[in-house]
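First the structure, in the form of structure tokens, and then the observations on it.
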Amino acid sequence: MIFLKTDEEIELMRESNRLLGMAYGEVAKAIAPGVTTAQLDKIAHDFICDHGGIPSCLGFEGYPATLCTSVNEQVVHGIPSDKVVLKEGDIISVDGCVSLNGFQADSAYTFPVGEISEETMRLLRTTKECLYLGIEQAVTGHRLGDIGFAVQSHAEKAGYGVVREFVGHGIGREMHEDPEVCNYGRRGNGIVLKSGMTLAIEPMITLGRRNVIIEEDGWTARTADRKPAAHYELSVCVRNGKADILSTFDYIQEVLKDKLI
Ligand code: MF3
Ligand code: CO
């Protein structure tokens with residue numbers, strides 16, 4: 001069942017997404033060689049709680065942290081740990097959710113740690129482009145498959161893999177609502193998008209082959225070939241003519257400035 005949101009509900013979702021975006025700004029300030037992913041998790045956890053939000057990944061289906069911190073070949077759901085120390089040249093995908101005023105926020109961002117290779121930089125850039133191309137399709141009258149098609153064709157043109165095992169989703173009072181938003185698909189396929197639908201669009205793109213495996217911890221998904229993967233996510237509201245982006249990377253961008261990819 002897909003829940004269309006009222007304008008009032010959309011503004012509440014923008015608020016929860018702003019808090020998540022601000023927490024990511026704090027995380028962005030801390031990302032550097034020598035920092036552990038557990039330290040990043042604590043920064044996000046404390047910031048969200050101090051501002052009246054609930055870090056809603058924590059405890060979700062037993063997930064043990066506020067953030068998912070997926071490093072290099074890890075695609076999604078990497079568990080923060082004091083044993084994972086970032087080093088120059090790594091990439092780290094930070095994903096998390098906030099609940100505020102009864103509405104969920106969800107977004108993700110892949111950060112470079114110090115200087116990264118040109119090859120990996122191109123992966124990050126292309127994955128972010130995939131996200132915005134997908135969002136361009138999230139308009140009234142288009143179909144769900146148009147989003148997947150836009151993401152997939154841009155990634156595959158660049159020679160990258162599109163992860164199939166994890167997908168975007170509707171979002172609202174629940175973190176995961178209908179519909180599933182695949183990062184692959186055919187133009188003109190799937191349900192018709194309506195104004196007021198809220199979707200978390202989240203391409204997960206691999207430098208090498210698209211296959212993933214789940215690590216022993218039962219959560220961490222990594223590429224089978226151990227080549228890097230990137231993940232960017234924004235929650236959006238479908239509108240006539242142009243999607244309304246509810247999440248924000250603004251606080252991250254303020255921190256990254258000239259290092260922006
Ligand atoms: N933020 C993730 C998503 O995009 C959810 C993470 S799963 C959790 O759907 F278990 F970590 F919460
Ligand atoms: Co999501």
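The values are calculated or read from the model by the stated rules, or taken from the named source; none is laboratory data. This structure is a prediction, so every number in the text was calculated from the model and none was measured. Every residue, glycine among them, receives a Cβ derived from its backbone with ideal geometry; neighbour counts consider all protein chains shown. SASA here: full protein model, heavy atoms, side chains in, ligands and nucleic acids out. Shrake-Rupley method; radii C 1.70, N 1.55, O 1.52, S 1.80 Å.
What does the helix-only formula give at 222 nm for the chain: each DSSP H stretch with n ≥ 4 adding -39500 (n - 2.57), the total divided by the residues, and the result rounded to the nearest 500 deg cm²/dmol? Before the final figure, lay out each step's value.
Values: 5 runs with 78 residues, N = 261.
Estimated from H runs of four or more residues: -10000 deg cm²/dmol.
Peptides 237-247, 208-218, 110-120 ranked from most to least packed by the mean count of surrounding Cβ atoms within 10 Å: 237-247, 110-120, 208-218. Rolling a 1.4 Å probe over the protein heavy atoms of the stretch 62-111, with every protein chain left in place, gives an accessible area that is 50 percent carbon and sulfur.
Normalising the average separation of contacting C-alpha pairs (under 8 angstrom, six or more residues apart) by the number of residues puts the relative contact order of the chain at 24 percent.
Here the contact order of the stretch 163-204, divided by its residue count and restricted to Cα pairs under 8 Å and six or more residues apart, works out to 49 percent. Report the relative contact order of the stretch 1-123, percent, no decimals, based on alpha-carbon pairs under 8 angstrom and at least 6 residues apart. Result for the stretch 1-123 is 28 percent. Distance from the Cα centre of the stretch 189-210 to that of the stretch 67-122, in angstrom? Taking the Cα centre of the stretch 67-122 as reference, the centre of the stretch 189-210 is 19 Å away.
Averaged over residues, the count of other Cβ atoms within 10 Å places the peptides 155-163, 91-99 in the sequence 91-99, 155-163, highest first.
Pairs of C-alpha atoms in the stretch 13-57 farther apart than 11 Å represent 63 percent of all such pairs.
Normalised Debye scattering of the stretch 110-261 at q = 0.08, 0.15, 0.19 Å⁻¹ gives log10 I(q)/I(0) of -0.22, -0.79, -1.19, counting only Cα atoms as equal scatterers and leaving out solvent. For the stretch 169-260, the fraction of 1.4 Å probe accessible surface lying on carbon and sulfur atoms is 44 percent. Think of a 1.4 Å ball rolled over the protein heavy atoms: the stretch 79-131 then has 36 Å² of accessible area per residue. With the convex hull drawn around the C-alpha atoms of the stretch 1-147, the volume per residue stands at 130 Å³.
You can think of it this way: the chain between Arg187 and Ala30 has 52.5 nm of extra reach, that is 0.36 nm per residue less the Cα-Cα gap. Once the Kirkwood radius over Cα pairs is known for the chain, the Stokes-Einstein relation at 37 °C and 0.692 mPa s delivers a diffusion coefficient of 183 µm²/s.
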